[in-house]
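Remarks on the structure that follows.
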Amino acid sequence: MRRIADYQFGRGAGNALFPDDVTFSYSNTKRVRYVSLGRERLVTVRANDGRLTLGFSGAKRLHEYFPAPKNRVVVIDDAAPFVADGKNAMAKHVIFADESILAEDEVFITDESDNLLATGMAVLSGCEMKGVNYGTAVKTRQGANKK
């Protein structure tokens, strides 16, 4: 799991995301499905491609580990309450996006002060998010207010 996280998010992500006392839940096919720390889900392993989707707790751990601007999509403060409630981040509200973000990457959505609002899957690349004024930029998986 640590190697998958390092590959997907960057060097050091595996150790930051998964302490030694995590627990694994397995699917019917005996593959890892969920990784949890205590009662909080850190990640889910997508069955179709093996990539990790972040729970809010996992996103929080990575957000604290990686310095800005890595993996971040910054939205205007007026949109922050809606994103924190689990609404999608719209492209017209994006004021900054890490240029290394590709479509379908797991990203952090933050406000202008780098407070973690939500985690989600990028619909557009980082460059596209800044250049487009319509549509969804990030499909929110879990907002800070919906833990």
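The table that follows gives values for the structure above.
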{"read-out": "Identity of the residue in segment 113-147, among the charged types (D, E, K, R) and assigned to a helix (DSSP H, G or I), that ends up farthest from A97 (Cα to Cα)", "value": "K146"}
{"read-out": "Out of A68, A97, sole residue that is within 15 Å of G10 (Cα to Cα) and hydrophobic (A, V, I, L, M, F, W, C)", "value": "A68"}
{"read-out": "Which numbered condition F82 misses (of (1) in contact (Cβ under 8 Å) with a residue 12 or more places away in the chain; (2) out of contact with any Phe, Trp or Tyr (no Cβ under 9 Å at 6 or more places or on another chain))", "value": "(1)"}
{"read-out": "All positions within segment 62-73 that are buried (at least 20 other Cβ atoms within 10 Å of the Cβ) and either at negative phi or of a type in the set (V, I, T) (or both)", "value": "L62, H63, R72, V73"}
{"read-out": "Filtered residue count, segment 1-27, keeping only those that are without any contact (Cβ under 8 Å) to a residue 60 or more places away in the chain and either among the charged types (D, E, K, R) or within 16 Å of R46 (Cβ to Cβ) (or both)", "value": "15"}
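A short reminder: the numbers here are calculations on the coordinates, not readings from a lab. Because the structure is predicted, anything quoted here is derived from the model rather than measured. Here the Cβ is made from the backbone with ideal geometry for all residues, glycine too, and neighbour counts use every protein chain on show.
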